[in-house]
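The values are calculated or read from the model by the stated rules, or taken from the named source; none is laboratory data. Everything quoted here is computed from the prediction, not taken from an experiment. All Cβ positions, glycine included, derive from the backbone under ideal geometry; neighbour counts span all protein chains shown.
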Amino acid sequence: MTTFIKTPSISNFKQSCPDFQVSRPRPRDNPLLFLFLVGGVTPSELRLVKDTVAALKPGTQVLVLSTRLLRPADIPELLFSTQRLRPDVGF
């Protein structure tokens with residue numbers, strides 16, 4: 001006959017060691033935050049993100065990605081330009 005070796009299971013191990021706490025990693029546990037902003041970002045908005053993260057979650061690194069870095073002169077053009085309403089079809 002075949003002899004089976006009985007090995008203790010993880011649940012038995014947890015019951016015998018109550019201090020053994022295993023938790024799954026969660027996204028909020030990661031000290032790196034990726035933030036992608038579509039449409040552009042101004043330097044003042046970058047500073048606001050940096051200060052907010054430093055105040056609420058110190059030790060977290062923030063990587064801000066954007067489609068472009070906006071200057072203050074770009075804002076009125078983006079808000080009031082009618083040229084951007086025409087589709088760019090490529091003809």
**OP:** Keeping to region 57-66, report how many residues are in a loop (DSSP other than H, G, I, E, B) and either farther than 15 Å from F34 by Cα or at pLDDT 90 or above (or both).
**Re:** 1
Subject >> Within region 20-56, considering residues that are part of a loop (DSSP other than H, G, I, E, B) and without any contact (Cβ under 8 Å) to a residue 24 or more places away in the chain, the one nearest to L78 (Cα to Cα) >> reply: N30
**OP:** Answer yes or no as to whether K14 is at pLDDT below 85, out of contact with any Pro (no Cβ under 9 Å at 6 or more places or on another chain) and surrounded by 10 or more Cβ atoms within 10 Å (Cβ to Cβ).
**Re:** yes
